[in-house]
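My structure is below; once you've seen it, I'll send some questions.
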């Protein structure tokens, strides 16, 4: 999601690990992908958005937890709201704005910073499926 040319990310804490995620999360029964993303954006950031095109799809397969997450990444543009200082998800410590060229410096999970920066620059891959992007400790 982009606001004033910067990517909106959430600073997330899981135990001692602190890293960044794109706003988003699980889909509830009966929710469309778009409805789920709009709800998650509001809960995590306080912002409202317009969902755009599909950028890419990737897997996060954690063999130690026997967990498989499918990440579906959409383009989104902020349309209103204000960045919250008290996100609904207690694991979200803060909402940060990051220039696309600075994404690679973050511990962004899954590690999609390069693909995201290319997509935001209009350089969408021929196939939007990135495969498995699991990293240990995610």
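The values are calculated or read from the model by the stated rules, or taken from the named source; none is laboratory data. Here the structure is a predicted model, which means the values were calculated and not measured. All Cβ positions, glycine included, derive from the backbone under ideal geometry; neighbour counts span all protein chains shown.
Give just the number: which of (1) at pLDDT 90 or above; (2) surrounded by 16 or more Cβ atoms within 10 Å (Cβ to Cβ) does residue 128 not satisfy?
Here residue 128 meets the rest and fails (1).
Here's a check for you: in segment 15-31, which residue that is over 11 Å from the mean Cα position of the chain (by Cα) and closer than 11 Å to residue 93 by Cβ is modelled with the highest pLDDT? Walk me through it before giving the result.
Here is the first cut: in segment 15-31, the residues over 11 Å from the mean Cα position of the chain (by Cα) are 15-19, 26-31.
Narrowing further to those that are closer than 11 Å to residue 93 by Cβ: 18-19.
Numbers: 18: 92, 19: 95.
Among those residues, the one meeting the criterion is 19.
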